[in-house]
Structure formats: structure tokens, C-alpha cells
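Encoded as C-alpha cells, the structure appears first; notes follow it.
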Amino acid sequence: MTCPQCQGIEREFGEKTAAKKLLRYHRDGPAKSTSLLIETLISLGVQDMTLLDIGGGIGDIQHEMLKNGITKSTSVDASSAYAAAARKEAQRQGHGERANFLHGDFVDLSPEVEDADIVTLDKVICCYDDMRTLVSASAAKAKQYYGLIFPYDTRWIKAAVKIANFFLALTGNPFRSFAHPTALVEDILKANDFGRNYYTRSGFLGFWQVIVYSRG
Ligand SMILES: C[S@@+](CC[C@H](N)C(=O)[O-])C[C@H]1O[C@@H](n2cnc3c(N)ncnc32)[C@H](O)[C@@H]1O
């Protein structure tokens with residue numbers, strides 16, 4: 001992967017961060033917002049469904065869903081450290097054979113990725129500049145549900161993202177965050193025949209929007 005943001009992702013989500021995330025997952029389970037997404041999908045009925053988790057990190061969503069009725073999962077992650085940690089954790093939990101892991105930018109890999117009943121992107125579109133292509137290419141892969149967690153785009157969050165990016169640039173870090181407009185994300189999903197099924201906000205001042213869309 002050669003794009004500056006992909007290089008930034010490798011640097012931002014490296015081995016140390018993956019090890020910390022794994023420790024926290026072992027101690028506390030998935031983050032609150034991630035748990036809300038997982039619980040909502042499970043309550044909708046995921047028995048015998050397949051999952052495509054894009055940017056799944058150490059794999060919280062895949063591990064929990066594989067324990068709750070999903071037949072198989074595919075993960076595509078731009079961080080090699082996260083992809084390796086997720087694979088190791090799947091083996092440790094005994095469902096390694098039902099979990100497939102790809103390392104790379106989903107936008108590039110998308111033509112070779114199979115459709116799935118459920119597609120999830122948990123805190124991913126805020127790490128990627130070309131949100132339109134990422135959302136439309138991933139929505140096209142989802143046969144039934146599309147689960148998304150991304151920042152609420154208020155003025156203060158946009159300002160915080162600008163400040164964070166300023167300091168990243170100062171330190172020579174190519175990684176950037178993005179507060180993509182919610183309305184634009186929704187327009188792309190509507191155009192792909194998805195409607196909102198569940199919506200809540202989680203985290204400090206409701207920073208994270210947790211949304212499940214259904215097809216049709
Ligand atoms: C903030 S982390 C979130 C990880 C995990 N979902 C979580 O909540 O702990 C963002 C993740 O998105 C991945 N990512 C960002 N853009 C991506 C893309 N275009 N294709 C694949 N993975 C991507 C990064 O590698 C990273 O694992």
C-alpha cells in the first residue's frame with residue numbers, strides 16, 4: 001500500500017497499539033459503542049449469516065459474532081499489525097478456521113472480496129479520506145445489514161479533528177482523521193437501497209454514531 005494515508009495507518013495502528021487493544025479486549029470485552037453494534041445485529045438475527053468486517057482492528061466484532069451464530073467472517077484491514085493480531089486471536093478462541101483475514105486497503109481489494117450478509121465498519125471511515133468510494137464499495141457487498149460507527153459531525157468535532165491533524169502534520173505523521181458529513185454517508189447508503197434500522201450515540205458527548213442499516 002503506497003497511499004500516504006495507508007502508510008499513516010500502518011504507523012498509527014502498529015504492533016504496540018494492537019497489543020494494548022488485545023489486552024483491553026481480554027480484560028473488558030469490546031468497547032461500549034462496538035458492543036451496542038454487536039448486540040443490535042445479534043438481536044436482528046444473525047444465525048447462519050456471513051460477515052465482512054472492514055477495518056475490524058483486533059477483530060472484536062468477528063470474534064463475538066462467530067460465537068453467536070455467524071458461519072464465517074472475512075476481515076479486511078489496512079494495518080498489518082491489527083490483521084495479524086485478529087488472526088491470532090481467532091485461532092486462540094478456536095474459530096480460526098471460519099475466519100478469513102486480508103491485509104490491505106478495502107477500496108483496492110474490493111473486486112476480490114466476496115459479498116456477505118452483514119458488512120461492518122467500526123470507526124473506520126473516520127480514518128479514510130475517500131469516504132464516498134469506501135462506503136459505496138462496502139455497501140455494494142452487503143446483502144442484508146450494514147453496521148457503521150463513525151463520529152457525529154458537529155462543529156466542535158470538526159474543529160477537534162482539524163487540531164489533531166495539525167499536530168500530526170507537525171510531527172511528520174502522515175496519518176489523518178476525517179469528520180465526514182453524516183448526510184453524505186446517508187445519501188450513499190440510500191442510493192444503495194439501505195435504510196436506517198437502529199441509531200444511537202455513544203461515548204463522550206455522544207461522539208460516536210452507532211447505526212445499523214437494512215437493505216430494502
Ligand atoms: C480506529 S481503527 C478501528 C479499529 C476497530 N474497528 C476498533 O474499533 O477497534 C481504524 C481501522 O480501520 C482500518 N482502515 C481504515 N481505512 C481502511 C481501508 N480503506 N481498508 C481497510 N482497513 C481500513 C485501519 O487499519 C484500522 O484497523
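Just a few scattered comments:
- Applying the condition of being among the β-branched types (Val, Ile, Thr) and more than 8 Å from the ligand (Cβ to nearest atom) to region 33-89 and asking which residue is surrounded by the fewest Cβ atoms within 10 Å (Cβ to Cβ) yields Thr71.
- Which numbered condition Val113 fails, given (1) within 15 Å of the ligand (Cβ to nearest atom); (2) at pLDDT below 95; (3) under 29 Å from Gly195 (Cβ atoms): (2)
- Hits in region 1-14 (condition: of a type in the set (Val, Ile, Thr) and surrounded by fewer than 17 Cβ atoms within 10 Å (Cβ to Cβ)): Thr2
- Residues satisfying the stated conditions in region 22-74, i.e. aliphatic (A, V, I, L, M) and in contact with a Pro (Cβ under 7 Å, 6 or more places away or on another chain): Ile38
- In this structure, Lys143 qualifies as more than 12 Å from the chain's Cα centre (by Cα) and touching a residue at least 12 places away in the same chain (Cβ under 8 Å).
For (1) of a type outside the set (A, V, I, L, M, F, W, C); (2) touching a strand residue (DSSP E or B) at 6+ places or on another chain (Cβ under 6 Å), each residue gets a yes or a no:
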{"position": "Ala84", "(1), (2)": "no, no"}
{"position": "Gln91", "(1), (2)": "yes, no"}
{"position": "Gly94", "(1), (2)": "yes, no"}
{"position": "Asp105", "(1), (2)": "yes, no"}
{"position": "Glu114", "(1), (2)": "yes, no"}
{"position": "Thr120", "(1), (2)": "yes, yes"}
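- Pairs are defined by a Cβ separation below 7 Å, a sequence spacing of at least 6 or placement on different chains, a first member in region 15-26 that is surrounded by fewer than 14 Cβ atoms within 10 Å (Cβ to Cβ), and a second member that is in a helix (DSSP H, G or I); the pairs so defined are Glu15/Ala81.
- Helices (runs of 4 or more DSSP H) (entirely within region 1-57) containing at least 1 residues that are more than 21 Å from Phe106 (Cβ to Cβ) and over 14 Å from the mean Cα position of the chain (by Cα): 15-28, 32-44
- Checking the stated criteria, Leu66 turns out to be in contact with a helix residue (DSSP H, G or I) (Cβ under 7 Å, 6 or more places away or on another chain), of a type outside the set (D, E, K, R) and more than 25 Å from Glu10 (Cα to Cα).
- Pairs, first touching a residue at least 40 places away in the same chain (Cβ under 8 Å) and within 17 Å of Ala86 (Cβ to Cβ) in region 98-119, second of a type in the set (Phe, Trp, Tyr) and buried (at least 17 other Cβ atoms within 10 Å of the Cβ), C-beta under 6 Å, six or more apart: Ile118/Tyr145; Val119/Tyr146
The values are calculated or read from the model by the stated rules, or taken from the named source; none is laboratory data. Note that the structure is a prediction, hence the values are computed from the model and not measured. Using ideal geometry, Cβ is built from the backbone for each residue, glycine included, and neighbour counts are taken over all protein chains shown.
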